[in-house]
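First up is the structure itself, then whatever we jot down about it.
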Amino acid sequence: FKDYSEASGGNVSDFSTYQRNNNNNNSTEASFNALTDRGISIETAKKYGVKSVLSSNGSIYEHHYPMYINNEVVATKIRRPNKEFYWRGSSKGTGLFGQQLCQDGGKYITITEGECDAMAAFELLGSKWACVSIKRGALSAVKDIKESLEYVESFDNVVLCFDKDKQ
């Protein structure tokens, strides 16, 4: 498996820090941290290129999920508390979240409903199997997978692992 730096061709400078308005007494930049609010290690967050913004009390306020076309970050999906999502850039043409880490196919791939679910599954499976996520929520799952069908079909076994929460 590649890590974030390898997946982006070693060019991580344009994704190294995001600045944003400092409303709600939160930090103004995203950085690599363990996603303590979701029990995900800093090693896995770094592998997937996921950064977070900390609030003034040190808790995580935002997650920043990079989205790729080939080896270039072209968009970021941002998650705030209460499952509030927005995009910086466009998801058009990007693959599944985490797809850049294992481009060659393999024996197993697990597709989850959310980015944190993909990272948690990766850790749960001993960090040795490809774990990706759809990018636009459960209602777009079929569309997201169809857009990456060639990639998905490069694996011998596909495991769909969606949750039962409200869409």
For region 15-167, give the magnitude of the charge dipole about the Cα centre (Cβ charges: +1 Lys/Arg, -1 Asp/Glu; no others), in debye to the nearest 20. 380
Sequence-distant or interchain residues sharing an amide H contact under 5 Å with residue 159, placed H: which? 109, 110, 111
Report the net charge of residues surrounding residue 155, where surrounding means a beta-carbon distance below 12 angstrom and charges are Lys +1, Arg +1, Asp -1, Glu -1. -3
Excluding near-sequence neighbours (fewer than 8 apart on one chain), region 81-167 holds lysine pairs with C-alpha atoms under 16 Å apart numbering 9
In what sequence, highest mean first, do 69-82, 87-100 appear when ranked by Cβ atoms within 10 angstrom? 87-100, 69-82
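We did not get these values from a lab; they are worked out from the coordinates using the rules stated. As the structure is a computational prediction, the values presented were derived from the model and not from experiment. Cβ sites come from the backbone with ideal geometry, for glycine too, and all protein chains shown count toward neighbours.
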